[in-house]
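Asks: Would you mind keeping the following structure in view while I ask a few things?
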Amino acid sequence: MAAAMASAAERAVLEEEFKWLLQEEVHGVLRQLQDILKEASHRFALPVGGTEGPVKQENFMLGTSSADQVKGVLMLQGDALCQADINLKMPRNNQLLHFTFREDKQWKLQQIQDARNHVNQAIYLLTNRDVNYQFKTGSEVLKLMDAVMLQLTRARNRLTTPATLTLPEIASSGLTKMFTPALPSDILVNFYINLNKLCLTVYQLHALQPNSTKNFRPTGGSILHNPGAMFECGNQRYEVSHVHKVECVVPWLNDALVFFTVSLQLCQQLKDKISVFSSYWNYRPY
């Protein structure tokens, strides 16, 4: 009898604590998440002067490659690469080539655009309810946290996992037509985001002769292709002779990645708290 009374009392206390969790603590965590993710979203489009308005342009010096083969300055404006000034020293003859973006061209960095869209979708999920809304069950909260975590994981993955491209895909991308003077036919370039870095890869190509005795093996998709990689484009076969990768750190991308990590931890902690209550009952109270 005493044990049953104790059990009933304990259950009543747990139910009150669970009710408080749903009605109070959940909303506190949601507010925290909204504040963090709004900061993250703002990082992707920093306005000039810190207020609403045009997005600030930032210049980044590319780190030098081995033997200073590639040097350059990139101008980033939110998710758009609006200028690139690149110097390339050809290893065969030490000829110096200089390329810049045409003034009428900008290159959209799809990774940044996608990451920001996922963040904004997470914010929408967190704010898409009345300010006085009360959660009735734990499963309702778990479902929301899972949806938010999915968007945040996708946002983080877009910055940490560059697309794998084949060399023909790089050769046929609009990026090759961005430069003035036009890129020589034996040069390919690719820009991508990797974590908090904006990366430029320059591929120097060697045209294979039709009577070449080399065993032609087309290379598949990759983030970074190595010397010796082969491909065919426009009835001409090529082999990559030299690869130069240079990069620059973009501080606000690092901020965004930190915000994603903190937000995912907050979501998981709230999920864990709700799951703890479920272990006290044989049936699913949420």
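The values are calculated or read from the model by the stated rules, or taken from the named source; none is laboratory data. For clarity, every value in this text was computed on a predicted model and none was experimentally measured. Cβ: placed from backbone, ideal geometry, glycine included. Neighbour counts: every protein chain shown. Heads up: the accessible areas ignore ligands, DNA and RNA and are worked out on the full protein's heavy atoms, side chains in. Shrake-Rupley method; radii C 1.70, N 1.55, O 1.52, S 1.80 Å.
Asks: Which one of these does Gln106 not meet: (1) open to solvent by 70 Å² or more (accessible area, probe 1.4 Å); (2) modelled with pLDDT under 85; (3) not aliphatic (A, V, I, L, M)?
Replies: (2)
Asks: Residue check: is Gln134 touching a helix residue (DSSP H, G or I) at 6+ places or on another chain (Cβ under 7 Å), under 30 Å from Val276 (Cβ atoms) and open to solvent by 50 Å² or more (accessible area, probe 1.4 Å)?
Replies: yes
Asks: Here's another thing I want to ask about it. What are the residues in region 155-166 that are open to solvent by 30 Å² or more (accessible area, probe 1.4 Å) and touching a residue at least 40 places away in the same chain (Cβ under 8 Å), if any? Talk me through it step by step, then tell me what you get.
Replies: Our first condition is that a residue be open to solvent by 30 Å² or more (accessible area, probe 1.4 Å); within region 155-166, this holds for 156-158, 160-161, 163-166.
Correct list: Arg156, Arg158, Thr160, Ala163, Thr164, Leu165, Thr166.
Asks: Of the residues Asn211, Asn235, Asn215, Asn282, which is on the phi > 0 side of the Ramachandran plot, modelled with pLDDT under 90 and of a type outside the set (D, E, K, R)?
Replies: Sole residue among the options that is on the phi > 0 side of the Ramachandran plot, modelled with pLDDT under 90 and of a type outside the set (D, E, K, R): Asn235.
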